[in-house]
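The values are calculated or read from the model by the stated rules, or taken from the named source; none is laboratory data. What you see is a predicted model, and the numbers here were worked out from it, not measured in a lab. No Cβ is skipped: glycine too gets one built from the backbone with ideal geometry, and neighbour counts run over all protein chains shown.
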Amino acid sequence: MTEPLSIADMRLLVTGGAGFIGANFCHYWKQRYPQSTLVVLDALTYAGNRASLKSLEGQEGFLFVAGDINDYALVERLLAEHRLNTIVHFAAESHVDRSIHDPDAFLRTNILGTHTLLQAARKQWLDGPEGRIPHRFHHISTDEVYGTLRPQDPAFREDTPYAPNSPYAASKAASDHLVRAYQHTYGLATTTSNCSNNYGPYHFPEKLIPLVILNILHGRPLPIYGDGQQIRDWLFVEDHCQGIARILEKGREGESYNIGGHNEWANLDIVRLICRLLDQAFAEDAELRQRYPQMPACHGQAAESLISYVKDRPGHDRRYAIDAHKISAELGYQPQHRFEEGIRKTIDWYLQRSDWWQPLLGEQYAAWLEKQYVG
Ligand code: NAD
Ligand code: DAU
């Protein structure tokens with residue numbers, strides 16, 4: 001075991017920092033610790049977006065590097081050159097549906113990429129010229145590694161056996177095991193967090209919540225997989241960031257922590273809620289009606305009229321729920337946002353930030369949507 005690093009001494013490599021949660025984490029961290037050093041390494045895949053980091057670029061202590069976590073020489077050079085002693089590892093292929101169509105990239109990034117980072121960290125922090133130096137490798141994982149729950153099952157705990165059901169979940173489970181092995185075998189100071197579904201700003205519109213918001217604004221169908229009764233446990237992204245910060249600060253080496261919001265919703269209910277909130281917003285605001293003329297409210301219709309049942313996701317997990325007792329009891333973690341507040345903030349953000357999402361809705365995106373929802 002190494003002496004834990006204090007927050008003030010942490011110099012961060014954030015992988016996947018141009019993605020949804022990674023970008024939110026960078027904003028969260030630099031707002032609280034403006035003096036800190038934070039280097040983002042991101043390959044800018046379809047899901048990475050430098051615009052999500054715009055207000056941080058140019059700030060002291062912030063650097064963006066476009067590159068792949070599979071590039072060992074690059075990772076090693078960044079760790080050495082910037083004397084980075086903490087990795088917060090978000091980079092991943094993250095979308096379950098894509099992993100069903102084309103799993104290769106998931107294995108490459110989520111498994112091999114994580115292994116490349118572990119190897120570079122081991123070399124720099126355990127076997128470098130100064131021998132072992134204080135460090136931390138924090139791995140961001142998911143509740144999907146635990147598989148699926150029946151309605152009466154208790155929520156996932158850290159000791160729930162792994163039972164991943166999609167190629168995405170299997171690749172994340174493999175990466176969790178590698179992180180565990182590097183701690184057990186080499187003594188790398190690792191921690192892992194397994195979080196439930198996040199929502200909030202900068203969320204790529206292939207995922208349920210942003211997809212539904214943007215489809216309503218454009219009068220497009222709202223695709224509900226199967227019967228829409230699958231349950232997810234939704235957490236506002238800033239609350240996930242808070243949980244990660246607490247683990248970095250006080251989490252015990254070698255431990256895993258579940259992070260969740262005690263907030264289970266059936267998909268259909270979430271979609272209906274978003275429809276209702278947008279109908280209300282449009283009823284109260286003439287400017288919105290002008291800006292988004294395809295929204296059903298502009299034609300006297302309810303947004304719910306767009307709901308459209310489509311073929312179910314193969315192997316679709318029925319229910320996820322997180323027992324976050326460990327992180328609450330040990331690290332004092334409590335989500336700060338009630339769902340009602342978080343979802344309103346999120347909808348407002350999408351209504352205000354068409355400059356962020358408009359460039360994403362090109363031909364490639366339209367073709368992808370088309371391919372997804374035939375059926
Ligand atoms: P995302 O898809 O929005 O972002 C992933 C980022 O990783 C992108 O910026 C992408 O460019 C980058 N990336 C992909 N491959 C890379 C590579 N080979 N090298 C460098 N960068 C690469 O994902 P997200 O939703 O922000 O998820 C972040 C992490 O959190 C993932 O590890 C995911 O498994 C986990 N997680 C996500 C959720 C959720 O609800 N979104 C919940 C729990 C856990
Ligand atoms: O649980 C954590 C996981 O949450 C993360 O590990 C993943 O990276 C993240 O993508 C998310 O996975 P899900 O598959 O739960 O998220 P998604 O937004 O794709 O889907 C949420 C639910 O909504 C799921 O039951 C599938 C359903 N769905 C999704 C889409 C995109 C629909 O019914 N229609 C849709 O169009």
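The table below gives the values:
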{"read-out": "Test: residue in the stretch 43-51 that is over 21 Å from residue 249 (Cβ atoms), within 15 Å of ligand 1 (Cβ to nearest atom) and in a helix (DSSP H, G or I)", "value": "yes"}
{"read-out": "Members of the stretch 173-190 that are surrounded by fewer than 22 Cβ atoms within 10 Å (Cβ to Cβ), touching a helix residue (DSSP H, G or I) at 6+ places or on another chain (Cβ under 9 Å) and among the hydroxyl-bearing types (Ser, Thr, Tyr)", "value": "186"}
{"read-out": "Residue in the stretch 191-220 that is farthest from ligand 1 (Cβ to nearest atom), counting only those that are buried (at least 22 other Cβ atoms within 10 Å of the Cβ) and at positive phi", "value": "200"}
{"read-out": "Scan of the stretch 34-56 for residues that are in contact (Cβ under 8 Å) with a residue 40 or more places away in the chain and surrounded by fewer than 18 Cβ atoms within 10 Å (Cβ to Cβ), ordered by number", "value": "45, 46, 51"}
{"read-out": "Hits in the stretch 19-33 - residues which are part of a helix (DSSP H, G or I) and not small (Gly, Ala, Ser)", "value": "20, 21, 24, 25, 26, 27, 28, 29, 30, 31, 32"}
{"read-out": "Conditions (1) within 15 Å of ligand 1 (Cβ to nearest atom); (2) within 21 Å of residue 37 (Cβ to Cβ); (3) outside any helix (DSSP H, G or I); number of the one not met by residue 75", "value": "(3)"}
{"read-out": "Qualifying residue in the stretch 94-106 (condition: assigned to a strand (DSSP E or B), of a type in the set (Lys, Arg) and out of contact with any Phe, Trp or Tyr (no Cβ under 6 Å at 6 or more places or on another chain))", "value": "no"}
{"read-out": "Yes/no for residue 177 being within 16 Å of ligand 1 (Cβ to nearest atom), at negative phi, out of contact with any Gly (no Cβ under 6 Å at 6 or more places or on another chain) and without any contact (Cβ under 8 Å) to a residue 40 or more places away in the chain", "value": "yes"}
{"read-out": "Scope the stretch 59-114; condition surrounded by fewer than 19 Cβ atoms within 10 Å (Cβ to Cβ) and among the polar types (S, T, N, Q); matching residues", "value": "59, 70"}
{"read-out": "Any chance residue 133 is touching a Ser or Thr at 6+ places or on another chain (Cβ under 9 Å), away from ligand 1 (no atom under 13 Å from the Cβ) and at pLDDT 95 or above", "value": "yes"}
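A quick yes/no check of all residues on (1) surrounded by fewer than 23 Cβ atoms within 10 Å (Cβ to Cβ); (2) not in a loop (DSSP other than H, G, I, E, B):
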residue	(1), (2)
116	yes, yes
133	yes, no
137	no, yes
144	no, yes
149	yes, no
153	yes, no
158	yes, no
